1. What is the sum of charges around residue 796, taking Lys and Arg as +1, Asp and Glu as -1, for the other residues whose C-beta is under 9 Å from the C-beta of residue 796?
2. Within segment 407-465, which trypsin sites (Lys or Arg not before Pro) sit in a loop by DSSP and count at most 12 neighbouring Cβ atoms inside 10 Å?
3. Pop out the ³J(HN,Hα) list for segment 728-743 in order, Karplus 6.51 cos²θ - 1.76 cosθ + 1.60 with θ = phi - 60°, rounded to Hz; leave Gly and Pro as x.
4. Over segment 958-1109, what is the relative contact order in whole percent, taking alpha-carbon pairs under 8 Å and six or more residues apart?
5. How would segment 421-571 be classified by its alpha-carbon gyration tensor: rounded, prolate or oblate, with rounded meaning a/c under 1.5 and the a/b versus b/c comparison settling the rest?
6. Rounded to the nearest 10 degrees, what's the angle between the helix 350-363 long axis and the longest principal axis of the chain, both from Cα atoms, 0 to 90?
7. Could you let me know the centre-to-centre spacing of segment 326-404 and segment 493-567, using Cα atoms, in angstrom?
8. Answer with a single label: of (i) 191, 78, 78; (ii) 137, 73, 57; (iii) 104, 87, 71, which was calculated as Cα extents along the principal axes in Å from the structure in view?
Amino acid sequence: MNEVSVKESLQKVQHVFRFWKAIEALTPQSIDKENARDIDNPAYMVTFDGLLPWTDTEHVRKPVPSGKVWRYSAQCGIYNISVVADQLEEKLGAHDDVAESRNTGKSRLFDVSFSNKGIPQATSFMLSMPAWAASQVLNHDQGVKALKTPVSPDLTGLPALSDTLPMMDSGFPEFDQLTLHIMQWIDAEAVRLQRDELAADVAWIKTLGELVLEKTGFPYEAMEQHAICLVKCATVRISQNSHEVNLSVESTKTNSASSRTEGKGKEKTKSAVPDDLINSFYIHEMEALEGHWKKKNVGRGFFDYMTSVSRENRQVTDVRTGEGLDAAFDRLRPTQPPVGTWPSLYPLAFSQQLAVNELWRKNAETPGIFAVNGPPGTGKTTLLRDVVAAVVTARAGKLIEHKNRVFLNKGTFTCDKKTIPFFPLHDSIAGTSIIVASANNGAVENISLELPGIDAVPEWVPKQSDYFSELASHLMGKPAWGLLAAKLGNKENRENFLNTFWWKKPDERNQKPTVPPETFSPARGEGLHYHLNLLKPTQGARKPAMSWSEAVIRYQKATVIEDEARQELVRYSELEEQINNQEQALIQCGESRASINAALSEQNGIYLALSSDVAGQEEAGTRLHRELAEADKRVHQHEANKPGILMAIFSLGKIPREWWGRYQRLTDEMDSLRTTLAEHIKALTSSQALRDEAHSQTEALKSELALSVSRETAIREKVARDISELAEARTMMGDAWPDRNATDEQRELSAPWLSKRWRDTRERMFLAALDVHRAFIESHPVEMSANLNLVSDWLNGKEIPDKQAALALDSLSLVVPVISTTFASVPRMFKKIGKEAIGWLLIDEAGQALPQQAAGAVWRAKRTVVVGDPKQLEPVSGIPSSVEGALAQSYDIPASWWPGKISAQVLADQTMELGTWLPDVEKGQVWVGCPLRVHRRCDDPMFSISNNIAYGGLMVHGKKQSTSCLPDSGWLDVKGKSCEGNWIAEEGTAVEKLLLTLKEQYGIAPDDVFLISPFKDCAMKLRKLASRTGFRSNRTGTVHTTQGKEAAVVVLVLGGNIQKNGAKSWAASKPNLLNVAVSRARQRLYVIGERSLWEKHAYFSSLSRELGPLQEKMHKNAVTEP
């Protein structure tokens, strides 16, 4: 991507925040369904000529439990979403890529609650932001820009505001202003009605509705002409301070974005009637994130989250290819896993450990984001537990490393005219918090309960470890093994947590003074504040459960043992490579030896030739010496016969001349011999030098050959030893030895290198780390008390500085490693938590989260681990697709950013280099992050159905088929004759018979059964049916309510309007819904519906092929009650 396109991409992201803000502002909430027949929580649709419940004698005559009264919540100003959607689309311009769709459904202009006497509760009033925002867009020429600079409301005729009204901060001051003024009007009306001993009636609601219509400018033509409101009824306890119901703001309402005070006398309402959520939580978040992006005040993880979909030519490695498997085995080496691991009877499977190792490799020391694809039943929570153990173990090491420097010098600040002390933390400890967040409240609760739960660890762990387990048990309301997690988020959760965790103390008012027990005793009503006070030097009433020095020694010993076990495995892991390298070395040795021998042979030939030449030369030299000696002798003899003068005279000089002639010849001969000999000696010397050099080279080659033979022998001996050690290691490691030649199934079920011994040392590292944490907390009672008091202020929403809020988060995390929250609570609870102040953000069920819901949390996190599955339930984006497309066109946003088309999981998956491809209905295939593949929940055929329709065979079955006397899974074919919405009476009859048969003939327990349907109206009928037949209504619902849950038996009631095909087509549009439905069942799946109608649809055809008729199986293997 070139520099220009990068700049354009970054600017596009800035527009994405505005787009998401508009989406949030304009997403309408549907009104609830009428349910007048419900005995406990009726909901009445009231017409313009009808009666409100408190004036309806039929309702008023209904029995109410002693000490309780009715409370009413009215959804008023009902309008047709389709009309508003059409007008917005016309105003903004239709998007070419959005097909025409009928935007059905109804929403409302406002909510307001009423007392049992029919008196409106002013502070419960909440104006609909989507209705207000739609009016802003429709009534002003600037279109969507009206959401950036809204028009001030017309407050003519509305009363001035009093000081008693709550604070509001929705992100739109103009919206807040109008809401508060209408609230003030309702307050005045409530006073008038009480004074005149009147109750609000339909006319009063109509007047309020007309006021809202006038002040918002909402299109009148969108209003429902028949019904004026829907009123939900619930019984609540009577306030102790008043005969009227004390309706606190949070218990009655609704304002998702307001920050209000909460009354002390909360009402206790039935969970069947939850508080309504009418407006967005995320307006402020989107505004703030846009500003941060513009200022480049973002971390690595958030940057990747927001830019991943726009990257070009992204390099990825598919773990299901040869290259990917090589990478996987490399990243599973024993050098890779973190030191600490969660105690468990079983090791992590291949892909689980790969995900843990890879995210730890990438993000243990470096900010970023990591995505894990978690199909159903593949151990997502198990993986997250290991991340928690790794972080806690690493932090314990830092606590020991910095010893007395963990807490810095004491500081103070002023809040509410009080001086608040605190102790900053060392940089290595700050920013190590773990937050689990999800859009799904059930997912958050599951994590919060599972991590501390006694069943989360083997039986031996609670006997050897006590990390505030008794306090954890009191917080959970069930046995816990350690204080590992707490469910926070909304105000009620935070208050409940603080009251038990921190502020609780024994009631000693009517008791004789006694000496507190020597140990922390939550059973007698002690919170941690009380306990730490007793630990302070000024009190001296208690000592830490374990001294700091003892905890440190235990951790250090565990570290040595773990490292020894790890290094042994590291050595084992290197054996095969060493053997391969040595065998290559042996080949090289052989080649080298052959080369040396060849060279030696050649050199020896040279040496012999030179030696022979030298010998010949020496022989010739000897001959020359002899010839020279003879010549010298001849010269001397000739000299001895030199003629005298007489002979010269007598011969007239002839004899001397002859003598001198011969002498000359003899000396010339001798000189010639001398010259020849000198030249010969020179040549001989040169030849001797060449011979000697050849001899040296020959000897050197002989030495080299001997060395090569010796080295080869040593290597062969080393190979033999390594092969022997390798065989022993393989035998000792058993199934933990990695097998690259294993089948896909065998490999995925394996746990490479995770030997029992090493796992045990790593588990004990984690437990030792918890001991270090407790010892540290109890050996620093003064500092911890100050900082945990700061935590209390933070969780209570007090206005403390940002740095101190981050300190509060880190300090709480030192005690409670994992804090959970829904995304909806992040904007308020983490309002003061800045960029990358959260150490680890673990997003669970991310496939259900809209991208904008997670954005604020990701911005606050240094590291984000995103776990979810795009093939399970998708996010519910309530905005009509036509409006989403029109807004996208206005902001020039491509479909890859539309909340209606993507999830937080999808964005995170695009950041990953390591992952795989899954089949997709719309795109052919989609890329997902590091996948978990071993499914251990469902028997067949549920596993096979899920694996085939959604994952293209990605999953591997890791569960042995259960043995059960229950009828085999099957399809009960029921032909409906009539229907009520999507509910088919004949199916209801069949369900009832099935449940009674399962209970009476097979002895099934009600807790072992889920009753589910794709449709809300069916689920509502099933709840009543469940109660009537002795089954659990709280284990009944739509498929959407069951993700993350499981049961031995799932009864899937298909329903679906028999006269229309739309509902069935919707349920079968993607594999997601059916995938979730079938994968809830551990042992049996019973489907009830008309087979011939449903099997025509995609995915349900696969379901039909896998399931035989249930009628033929019902009475086989039935047990007879004694």
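1. Net local charge, residue 796 excluded: +1.
2. Counting only loop positions with at most 12 other Cβ atoms within 10 Å, the trypsin sites (Lys or Arg not before Pro) in segment 407-465 are 410, 417.
3. 5, 4, 4, 5, 5, 6, x, 5, 7, 7, x, 10, 6, 9, 5, 5
4. 31 percent
5. Numbers: a/c = 1.71, a/b = 1.24, b/c = 1.38.
It is oblate, given that a/c is not under 1.5 and a/b is not larger than b/c.
6. So the inclination is approximately 80 degrees.
7. 28 Å
8. (i)
Read-outs: derived from the displayed coordinates by stated rules, not from any lab. Since the model is a prediction, treat every value here as computed from it, not as a measurement. No Cβ is skipped: glycine too gets one built from the backbone with ideal geometry, and neighbour counts run over all protein chains shown.
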